[in-house]
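The structure appears below as structure tokens.
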Amino acid sequence: MYDINTVRKDFPILGREVYKRPLVYLDNAATTQKPRCVVEAIANEYYSVNANVHRGVHFLSQQATDLHEAARETVRRFINARDVAEVVFTRGTTESLNLVASSYGEAFLHEGDEVIVTVMEHHSDIVPWQLLRERKGIVLKVVPMTDEGVLDLDAYEQLFTPRTRLVCVAHVSNVLGTVNPVKRMAEIAHAHGAHILVDGAQSVPHFKVDVQDIGCDFMVFSGHKVYGPTGIGVLYGREDLLDRMPPYQGGGEMIARVTFEHTTYERLPFKFEAGTPDYVGSHALAVALDYVSALGMDHIHAHERALTQYAMEQMQAIEGMHLFGTAPGKDAVVAFNVGNIHPLDLGTLLDRLGIAIRTGHHCAQPLMQRCGVEGMARASFALYNTREEVDALVQGIDRVRKMF
Ligand code: PLP
């Protein structure tokens, strides 16, 4: 059973105070807190196993390599990839997206080819494509959304032409919480002969993401948003596509043989992992994934959905409240503004009450423009948040509101 009080004990930081008040941490879409097992895995590996991985003949190197490659298998299982060759370790979602833009862009995109993104993408799924537009003259197209924050699938389908090569879509919006219909979008993309990349930064932490069930060609996520450490992330890519893509960076680890005349590359996934990998981070990420798997992704999802619904209901009742993103089934994120209060003021005053939320454009300025605002306040939930914390947020907002 999912016992929130037991779960919270796994996260020592939740017990601390800020400004002499109990911490209410509601900035989980930015990064999640770490359970003790993850922090201990990092310390233990440095204390007792640490050695550079791959090619080492000595005991420690082999043990560190085993942990690193076992972590790859844990990720494979977690997202249901077919083979570990399809799991590339990166620094995070942003690097994974830049890798695809650079390498897929090199292999498959030519002047006039089209990439479709959505109006609710994070900057990390917009700017790499704009950089490619500057280099190669590709065309960027944008899927619009309704005022509730639901992607317009008819408009999406109409964007396709024979030049459309790739669709890039956030599985869950980091601002609106909308869960996009990526499986349907993948079917439509494939029917038009295009590939699809799913940005799973905000879905992988919250519910079971099965890349084969979705039918996506690429999926990316960050370790630190799913209770793992910073500096490690994942690119899942279909093996036949990764095989046809050139390396992203050159260096050690990614080569088979080097001469001054010619270099051949390692097999997948190592071709995309130049240099010493974050092997401690990969192991700690695997520990985090095992941790959430043991709790049960379905339990986590149910808990967070109930909390999101409760928060939406409670917040709606606050005078002057404007909620952004009211799509059915939305997930774990509530973005809002209250009256004419600047979100920065709101965030700063809530912080004094011990409540950590995020304010600003949330790395989604085109979405802010679509919503007609400069910025928003955002509360985002994780597996350890409670109804009492939502109550504290609601009371805090109401208290701030009365000051203006
Ligand atoms: N994509 C989405 C939907 C996000 O929410 C984020 C982070 O907030 C990113 C991409 C970028 O993730 P990272 O900064 O971990 O690379």
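The values are calculated or read from the model by the stated rules, or taken from the named source; none is laboratory data. These figures come from a predicted structure and were not determined experimentally. Neighbour counts run over all protein chains shown; Cβ positions are idealised from the backbone, glycine included. Note: areas computed on protein heavy atoms with side chains; ligands, DNA, RNA excluded. Shrake-Rupley method; radii C 1.70, N 1.55, O 1.52, S 1.80 Å.
Taking amide hydrogens as placed 1.01 Å from N in the peptide plane, the amide H of Met254 sits under 5 Å from those of Gly275, each at least 5 positions away in sequence or on another chain. Spacing of the modelled spin labels on Gln309 and Arg267, each 7 Å from Cα toward Cβ, amounts to 4.8 nm. Of the Cα atoms belonging to the stretch 302-394, the radius of gyration and Dmax stand at 12.7, 34 Å.
Global dimensions of the stretch 218-263 from alpha-carbon coordinates: Rg and Dmax equal 14.6, 45 Å. For His192 and Phe59, the FRET efficiency from 1/(1 + (r/R0)^6), where r spans their Cβ atoms and R0 equals 35 Å, is about 0.10. Between Gln212 and Ala107, the contour length at 0.36 nm per residue exceeds the alpha carbon distance by 35.5 nm.
Do you know the relative contact order of the stretch 163-241, to the nearest whole percent, from alpha carbon pairs under 8 angstrom that are 6+ apart? Spell out each step's value before the answer.
Details: 132 pairs, mean separation 20.5, N = 79.
Averaging sequence separation for qualifying contacts and normalising by length gives 26 percent for the stretch 163-241.
Which residues' amide hydrogens lie under 5 Å from the amide hydrogen of His195, considering only partners 5 or more residues apart or on another chain, with H built in the peptide plane? Hits under the 5 Å cutoff: Leu166, Val167. Ranked from largest to smallest solvent-accessible area, with a 1.4 Å probe on the protein heavy atoms, Tyr384, Tyr46, Tyr2 come out as Tyr46, Tyr2, Tyr384. Positive end of the charge dipole of the stretch 308-381 (Lys, Arg +1 and Asp, Glu -1 on Cβ, about the Cα centre): tell me which of Pro328, Ala311, Thr348 has its Cα farthest that way. So the residue furthest toward the plus end is Pro328.
Helices of the chain meeting both criteria, an alpha-carbon length of 15 angstrom or more along the long axis and an average Kyte-Doolittle score not below 0.5, with helices taken as full DSSP H segments, are 279-295. Pull out a ≥ b ≥ c, the square roots of the eigenvalues of the alpha-carbon gyration tensor of the stretch 123-162, then state rounded if a/c is under 1.5, prolate if not and a/b is larger than b/c, and oblate in the remaining case. Here the stretch 123-162 falls in the oblate category. Overall size of the stretch 173-233 from C-alpha positions, given as principal axis extents largest first: 38, 23, 17 Å.
By the scheme Lys and Arg +1, Asp and Glu -1, what is the net charge of all other residues having a beta-carbon under 10 Å from that of Gln202?
Overall, the nearby charge balance is -1.
The calculated FRET efficiency for the pair Gln249 and Glu319, based on their C-beta separation and a Förster distance of 45 Å, comes to about 0.25. Across the chain, the mean sequence separation of Cα contacts (distance under 8 Å, 6 or more residues apart), normalised by length, yields a relative contact order of 22 percent. Report the normalised scattering of the chain as log10 I(q)/I(0) at q = 0.08, 0.11 Å⁻¹, calculated by the Debye formula with identical scatterers on the alpha carbons. Debye curve over Cα of the chain, log10 I(q)/I(0) at q = 0.08, 0.11 Å⁻¹: -0.44, -0.83. Is the shape of the stretch 159-290 best called rounded, prolate or oblate, per the rule: a/c under 1.5 gives rounded, else a/b larger than b/c gives prolate, else oblate, with a ≥ b ≥ c the square roots of the Cα gyration tensor eigenvalues? Oblate. In the structure shown, do any of Lys20/Lys402; Lys9/Lys330; Lys34/Lys183; Lys141/Lys183 have a Cα-Cα gap over 24 Å, and if so which? Beyond 24 Å: Lys9/Lys330; Lys34/Lys183.
Just checking the listed ones, Gly200, Gly329, Gly15: in the Gaussian network model of the chain with Cα springs under 10 Å, the one fluctuating most is Gly15. When the Cα positions of Tyr384, Val150, Ile397 are compared along the charge dipole of the chain, Ile397 comes out farthest toward the positive end, with charges on each C-beta of Lys, Arg, Asp and Glu. From its DSSP helices (H runs of at least four residues, each -39,500 (n - 2.57)), the chain gives a residue-normalised ellipticity at 222 nm of -12500 deg cm²/dmol.
Here the chain is assigned +1 on the Cβ of each Lys and Arg and -1 on the Cβ of each Asp and Glu. Its dipole about the Cα centre then comes out at about 660 debye.
Here, the stretch 9-137 is characterised by an Rg to Rh ratio of 1.08, where Rg is the alpha-carbon radius of gyration and Rh the Kirkwood radius.
Selection among Val172, Thr263, Val211 by position relative to the dipole of the stretch 39-293 gives Thr263 as farthest towards the positive end (Cβ unit charges, Cα centre).
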